[in-house]
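Here the structure comes first, spelled out in structure tokens, and everything after it is commentary.
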Amino acid sequence: MHEMGIANSILESVRAEARRFPGGHICKVGVRVGELSGVNPEAMTFCFEALVRGTDLEPLGLDVEYCLRRHECRDCGQPFIVDREGMECPECGSLDSRFIGGDELELIYLEVDDGAHAAGA
Amino acid sequence: MERMPLERKVLNENGRIAAELRGRFAEHDVLCLNLISSPGSGKTSLLERTLESFAPGERVAVLTGDIQTENDARRLARFGFPVKQITTGGTCHLDARMIERALSDWRLEDIDLLLIENVGNLVCPSSYDLGEAAKIVVLSVTEGEDKPLKYPSIFFKSELLVLNKTDLLPYVPFDIDAAEKNARQVHGNMEIVRVSCVTREGLQEWLDWLRRKRAAPQAAAVSASTNP
């Protein structure tokens, strides 16, 4: 269980970024989590909420974009999602493919309220 | 409300230190390997058999991670090579900063092979790059043959699978061919060796893999990504 550390790293980035928006408030952070990242999104969200509660970061939402494992067929170029049954290309049946995604653990966006509107999540 | 794009790794800071370590390993031609498994799969036993195979004076060093105790470092120090225990005090994985700190009073000029034994855990260590040239996952036959399917992240990211404790195969309902098939389902071209640290069967294959890896110039590892 290392999701507490992951959630903490997200918050460190939010705090660092917050300095770029004096007077503004970061309301939401978007994070991409791949199924091969080794991170459980539910546990991460639970830790994130616990870390934010009672701090000056409130209200701060977490938006998780979960990504499945993706390959691209080396024979026909078709990108596809790999399931448990195997790595066969659904288009041409080839077994020769290359990994193109599914291990992401990335920050994708921040939603910033610049104070021009009423504060709120 | 304004949405600002922010394309960056969550473990940015760990990644930065890992990249620095990888650069230093390349500069000093150090092969760094990160061994990962569940608790009790035999990482320390594999390292014992590995260290005892080396001639005195070989430039090998070991960092071994555990939540508590110096037991593993004591077991491994008997072979006369530099060994350091990293006790994480509760953390379930090693991170790049722990490696950086542990190496602070070692001279990389004196090391050709750095073996890192991660904390016993098949999940969390897979998220943390330690600057290694390759991850190695150890799976013992007293576990389930479906472990690669249950914990795909680490099997996907590891270059080599060491199937350990094969001496116990007659006593456990472990289908070793199914285990290999499952590993290759997650990681198509995964290299696999079958080893017993008790009978020593298969150990030569592991040592040969290690020798091949050491023969390749380490600078090549810099450009290689941590993923296959």
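Just so it is clear, none of the values below were taken in a lab; they were calculated from the coordinates. As the structure is a computational prediction, the values presented were derived from the model and not from experiment. Cβ: placed from backbone, ideal geometry, glycine included. Neighbour counts: every protein chain shown.
Sum -39500 (n - 2.57) across every DSSP H segment of at least 4 residues in the protein assembly as shown, then divide by the residue count to get the 222 nm mean residue ellipticity, nearest 500.
Rounded to the nearest 500, it is -9000 deg cm²/dmol.
Quick one: angle between helix A:3-18 and the longest Cα principal axis of chain A, in degrees between 0 and 90, rounded to 10, please.
Helix A:3-18 sits at roughly 60 degrees to that axis.
Taking C-beta distances below 4.7 angstrom as the pairing criterion, name the unpartnered cysteines of chain A, in sequence order.
Cys with no partner Cβ under 4.7 Å: A:27, A:47, A:67.
With a sphere of radius 12 Å drawn around the Cβ of residue B:97, what net charge do the other residues whose Cβ falls strictly inside it have (Lys, Arg +1; Asp, Glu -1)?
Net local charge, residue B:97 excluded: -3.
Can you give the extra length, in nm with one decimal, that the chain gains between residue B:150 and residue B:87 once fully stretched, where that is 0.36 nm per residue apart less the Cα-Cα distance?
19.9 nm
In debye, nearest 20, what is the charge dipole magnitude of the protein assembly as shown about its Cα centre with +1 on Lys and Arg Cβ and -1 on Asp and Glu Cβ, if you could check?
Around 800 debye, computed over the protein assembly as shown.
Which values of log₁₀ I(q)/I(0), to two decimal places, follow from the Debye formula for chain A at q = 0.09 Å⁻¹ with a uniform point scatterer at every Cα?
Computed log10 I(q)/I(0) values: -0.36.
Taking 7 Å along the Cα-to-C-beta vector as the label spot, tell me the residue A:91-residue B:53 distance in nanometres, rounded to one decimal.
4.4 nm
Along the Cα-to-Cβ line of residue A:16, 7 Å from the Cα, sits a label point; which residues in the range B:1-32 have backbone N less than 15 Å from it?
Within reach of a label on residue A:16: B:6-20.
Need one number: convex hull volume per residue for the range B:45-94, Cα atoms only, in Å³.
Residue-normalised Cα hull volume stands at 67 Å³.
Among A:109-115, B:32-38, B:90-96, how do they line up by average Cβ neighbours within 10 Å per residue, starting with the highest?
Ranked from most to least packed, the peptides come out as B:32-38, B:90-96, A:109-115.
Any idea how far apart residue B:78 and residue B:16 come out in nm if each label point goes 7 Å out from Cα toward Cβ?
4.3 nm
Using the alpha-carbon atoms, what tilt in degrees (0 to 90, nearest 10) does helix A:41-52 show relative to the longest principal axis of chain A?
Approximately 10 degrees, to the nearest ten.
In terms of the Cα gyration tensor, with a ≥ b ≥ c the square roots of its eigenvalues, is the range B:1-154 rounded because a/c is under 1.5, prolate because a/b exceeds b/c, or oblate?
Note, shape of the range B:1-154 comes out oblate.
In Å, what is the Rg of the alpha-carbon atoms in the range A:14-61, and how long is Dmax?
12.4, 38
Report, in cubic angstrom per residue, the convex hull volume of the C-alpha atoms of the range B:118-228.
Per-residue hull volume (Cα only) is 100 Å³.
How far apart, in nm, are two points set 7 Å out from the Cα along the Cα-to-Cβ line at residue B:184 and at residue B:208?
So the two model labels end up 1.7 nm from each other.
On a 23 Å Cα-Cα criterion, which of the cross-link pairs B:150/B:181; B:84/B:150; B:9/B:213; B:43/B:84; B:9/B:147 come out too long?
As for pairs spanning more than 23 Å Cα to Cα, those are B:84/B:150; B:9/B:213; B:9/B:147.
Local charge sum around residue A:97 (other residues, Cβ-Cβ under 12 Å, Lys/Arg +1, Asp/Glu -1)?
Net charge around residue A:97: -1.
Note the full-extension length gain between residue A:65 and residue A:50 as 0.36 nm times their separation in residues minus their Cα-Cα distance, in nm to one decimal.
Net length gain for the segment: 3.4 nm.
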